[in-house]
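What follows is one structure encoded as structure tokens, with my remarks underneath.
The values are calculated or read from the model by the stated rules, or taken from the named source; none is laboratory data. Only a predicted model underlies this, so the values are computations on that prediction, with no experimental measurement involved. Don't worry about glycine lacking a Cβ; one is built from the backbone with ideal geometry, like all the others, and counts go over all protein chains shown.
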């Protein structure tokens, strides 16, 4: 039972984190969509939400302020979807090395 409760709590915390990231995206970048319209794995750049490199810089500032993490220039490529951002934040908070992924997907 304790394992099931622990998994449930982690899943709930992750869902809350993903929702906070979606709200940050919409509000800080003034997107013309609702947070609920952004899927967790939707590409943020290129053919996804259509964000560009200037949006990436604004997003980094918003993430650093909202989640008290530090995003280096080399790590910006890790921010390609809501799930990737959440993984980055959790890795940073847990002292693990975030895994980089391509920022712009074709």
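Key figures for this structure:
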{"item": "Lone unmet requirement of (1) loosely packed, with under 15 Cβ neighbours inside 10 Å; (2) in contact (Cβ under 8 Å) with a residue 12 or more places away in the chain; (3) assigned to a helix (DSSP H, G or I) for residue 8", "result": "(2)"}
{"item": "Test: residue in region 89-97 that is buried (at least 16 other Cβ atoms within 10 Å of the Cβ), at pLDDT below 90 and part of a helix (DSSP H, G or I)", "result": "yes"}
{"item": "Boolean, residue 32 is modelled with pLDDT under 95 and not in a loop (DSSP other than H, G, I, E, B)", "result": "no"}
{"item": "Selection count, region 35-56, where residues are in contact (Cβ under 8 Å) with a residue 12 or more places away in the chain and not in a loop (DSSP other than H, G, I, E, B)", "result": "6"}
{"item": "Single unsatisfied condition, residue 63 versus (1) surrounded by fewer than 17 Cβ atoms within 10 Å (Cβ to Cβ); (2) at pLDDT 95 or above", "result": "(1)"}
{"item": "Unmet requirement for residue 85, which otherwise passes all of (1) out of contact with any strand residue (DSSP E or B) (no Cβ under 7 Å at 6 or more places or on another chain); (2) modelled with pLDDT under 95; (3) buried (at least 18 other Cβ atoms within 10 Å of the Cβ)", "result": "(2)"}
{"item": "Residues located in region 32-48, provided they are over 13 Å from the mean Cα position of the chain (by Cα) and over 14 Å from residue 77 (Cβ atoms)", "result": "32, 33, 34, 36, 37, 47, 48"}
